[in-house]
Amino acid sequence: GNGDSDGKVYKVGIDTTYPPFEFQEGDDYKGIDVDLINAIAEDQGFEIELSPMDFSGIIPALQAGELDIAIAGMSITDDRKKVVNFSDPYFEAGLSLVVADGNSEITSLEDLKGKTVAVKKGTTGANFAEENKDKYGYDIVQVNDSTSMFQEVANGTSDALIEDYPVISYAIAQSDLKLQLVGDRLNGDNYGIAVLKGENDELLKKINDGLAALKESGKYDEILSTYLGEQ
Ligand code: GLN
């Protein structure tokens, strides 16, 4: 613990559902992001209130002043850095191409000509799909959340999807989702905790100090292993 709360309750935007980073169990939100931000707030002596929303709404909500903090498996990107400041990185991720289990026709981006690729609005996956659309000749279907995106491909409505590999690997391992990762990873990135760019340096410092303290104390590893097992 490091000082007193000034009584302000920071509103924290999380993705509606993005296991193992955030998910609902009964009335409770759980996951790596949820545990991390709670532990950071506790260490740094501030109060938070979680606000789940579609991923694409999170940065706009920060800009509108409806959120103070975002932790949503959000990749640190140069584009986002134009409007938010990110904490130190807290998790390594990146994108993978995913198809229906048993699909042997699509093994890489090269096989997507004339196919349909499902992506989640506002994500790095959606961005990647958009940037490579003309090169590989596929169509894009945009959905609001990862659950719908997984269903699109499991149902055969879309041929492929692009998702962060830790998330899709976890989903496949935890459920009977009939999906498989194919080909090489499409890129690599890091998750960061975001605050609106501008007057939030003090809050960002608390977040970074809290994150460093959790790494130091072993709490960070404990949170990761709660959801991912021993790494
Ligand atoms: N990491 C990806 C991004 O930042 C996806 C995040 C998410 O879907 N919650 O866009």
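Any read-out appearing in this document is the output of simple, stated calculations on the displayed coordinates, not a laboratory observation. These figures come from a predicted structure and were not determined experimentally.
Observations
- For the chain, the longest principal axis of the Cα atoms and the long axis of helix 219-228 meet at an angle of about 30 degrees.
- Lysines whose Cα lies under 20 Å from that of residue 219, excluding same-chain neighbours fewer than 8 positions away: 30, 205, 206
- Cα shape, the chain, gyration tensor, a/c 1.5 rule: prolate
- Tilt relative to the chain, helix 32-44 - C-alpha long axis, 0 to 90 degrees, to 10: 10 degrees
- Potential extension, residue 139-residue 82 segment - 0.36 nm per residue separation minus Cα distance: 17.7 nm
- Of all the options 173, 41, 61, the one that moves most in a Gaussian network model of the chain with Cα springs shorter than 10 angstrom is 173.
- A straight chain from residue 63 to residue 155 at 0.36 nm per residue would run longer than the Cα-Cα distance by 29.5 nm.
- Compared with the direct C-alpha span, the chain from residue 116 to residue 130 gains 3.8 nm at full extension, assuming 0.36 nm per residue.
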